[in-house]
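Since the structure comes first, as structure tokens, the remarks are kept for the end.
The values are calculated or read from the model by the stated rules, or taken from the named source; none is laboratory data. Model, not experiment: these values are computed from the prediction. In this analysis, Cβ positions are derived from the backbone assuming ideal geometry, glycine residues included, and neighbour counts consider all displayed protein chains. Note: areas computed on protein heavy atoms with side chains; ligands, DNA, RNA excluded. Shrake-Rupley method; radii C 1.70, N 1.55, O 1.52, S 1.80 Å.
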Amino acid sequence: MIDTRARAAVRDLPTYKPGRPIEDVKREFKLTSVIKLASNENALGPSPKAVAALRRATGLLHRYPDSTCRALRLALAKRLKVDPASLVFGNGSDELIVMALRAFVDPGDEVVVATPTFLIYELQARACGAKVITVPLKDYRYDLVAMRQALTPSTKLVFIANPDNPTGTYVTKTELEAFLRNLPRQVLVMVDEAYYEFVTAKNYPQTMPWVGQRPLIVTRTFSKAYGLAGLRVGYGLAAPAIVSALDAVREPFNVNSLAQTAAVAALGDVAFLKRSQQLVRDGMRYLTQALGRLRIRFVPSTTNFVLLELGPRAQEVAHALLRRGVIVREMSAWQLPGCVRVTLGTMPENRRFIAALQRSLT
Ligand SMILES: *Cc1c(COP(=O)(O)O)cnc(C)c1O
């Protein structure tokens, strides 16, 4: 129940249901070993260099964090070969979504999103009082032609998850280029590249050279490939004037000091990033082959997770997996009934998932 004094837009919001915590599931099913393959987290844990840097940083916890994320900004600008003024940081890239809405969207303005896709876009847009226009996916992929047709003189912001969550599919360079060509002047496009580091497809668009020339905000995160989901740090890339608008609505100390320290260290831990990418490549090969053998349909993914089409038994199978200590995400709340999303784990975790799935199906 939401207090009746809350704004109407807020009272009508559905609540976001995150993946179930391991401890919860252990308690409920009296299990000693539970694996979580439900939130697209990094199976390797955090970067060891980030952990070491965190230990050294605790002595400064009485100080406010650097409001400008200077060290992280300079390190990232150097790595990406971009102007430091084109970067903006958030308490997770989730916060950049909120900042873009607050900076660019008035109540009643239109925001265009795909459906289904990452739920935060629609939830936060509705919380701002925006009118949300939803455009269905086509064969589990963003339909950028239809999304382009959905733009009106009232459209302010468009969200494109690339790759997409929960499907794992991506839009191609050609598709995105066509979408961005001759956009109406008042439209801004947020391209959410949370899984950027995992993509290997050749026709995946490299958006970095477009930032500055197009009405774009590109967001990425330290939560996935860098293994820092618990610390909450993500970043946006945009023309400096767009960054200034986001900064205007940003809370001054939005990225905490430990998150900044860890992100700098993780960025320097190239070996960890490579291991994360390799684990995902190997895991994807193993999982898709095993699913093929089990005759389970899935959506080809370019991320660290896979969407399985289990049909009418999906909820039952997800529950059976839970009883066997494997947490996955059942997708009916995301308008994908019959589907289950599973995050790649370590190789032993992947094998345990397949074994549990096999038993849960019979
Ligand atoms: C995981 C994810 C994010 C990252 O969120 P953070 O707030 O940076 O942890 C952003 N977008 C999508 C589509 C995601 O799946």
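3J(HN,Hα) along the stretch 76-83: 6, 4, 5, 4, 8, 6, 10, 5 Hz, from the Karplus curve 6.51 cos²θ - 1.76 cosθ + 1.60 with θ = phi - 60°, whole Hz, x for Gly and Pro.
Relative contact order for the stretch 48-269: 30 percent, from Cα pairs under 8 Å spaced at least 6 residues apart, divided by residue count.
The spacing between the stretch 142-164 and the stretch 63-138, judged by their C-alpha centroids, is 15 Å. Note on Val255: accessible area is roughly 0 Å² with a 1.4 Å probe, heavy atoms of protein only.
In this structure, the amide hydrogen of Arg297, modeled 1.01 Å from its nitrogen in the peptide plane, lies closer than 5 angstrom to those of Glu309, counting only residues at least 5 positions away or on a different chain.
With a 1.4 Å probe and every protein chain left in place, work out the accessible area per residue of the chain in Å², rounded to a whole number.
On the way: 16720 Å² over 362 residues.
Each residue of the chain exposes 46 Å² on average to a 1.4 Å probe.
Close amide H contacts of Phe305 (hydrogens built in the peptide plane, cut-off under 5 Å, sequence separation of 5 or more or a different chain): Leu344. Could you work out the relative contact order of the stretch 1-151? I mean the mean sequence separation of Cα pairs under 8 Å and 6+ apart, divided by the number of residues, in percent. Averaging sequence separation for qualifying contacts and normalising by length gives 19 percent for the stretch 1-151. Peptides 17-24, 244-251, 190-197 ranked from most to least packed, by the mean per-residue count of other Cβ atoms within 10 Å: 190-197, 244-251, 17-24.
Listed peptides 292-299, 150-157 appear in the order 150-157, 292-299 once ranked by packing, highest mean of other Cβ atoms within 10 Å at the front.
Each semi-axis of the equivalent ellipsoid for the chain is √(5λ) with λ an eigenvalue of the Cα gyration tensor; in descending order they amount to 31, 26, 21 Å.
Whenever you get a sec, compute what percent of the accessible area on the stretch 48-269 sits on carbon and sulfur atoms (1.4 Å probe).
On the way: 4960 of 9190 Å².
With neighbouring chains kept in place, the figure for the stretch 48-269 is 54 percent.
So if each residue of separation counts as 0.36 nm, and I subtract the Cα-Cα distance between Gln186 and Arg63, what length gain in nm does that give? Please report the intermediate quantities before stating the final value.
Working: separation 123, 0.36 × 123 = 44.28 nm, distance 4.02 nm.
Gain in length upon complete extension: 40.3 nm.
Close amide-amide hydrogen proximity is noted between Lys131 and Gly108, Asp109, Glu110, Val111, each under 5 Å apart and 5 or more residues distant or on a separate chain (H modeled in the peptide plane; Pro and chain starts excluded). Only lysines eight or more places from Lys78 in sequence, or on another chain, were considered; those with a Cα closer than 25 Å are Lys49, Lys173, Lys202, Lys224, Lys274.
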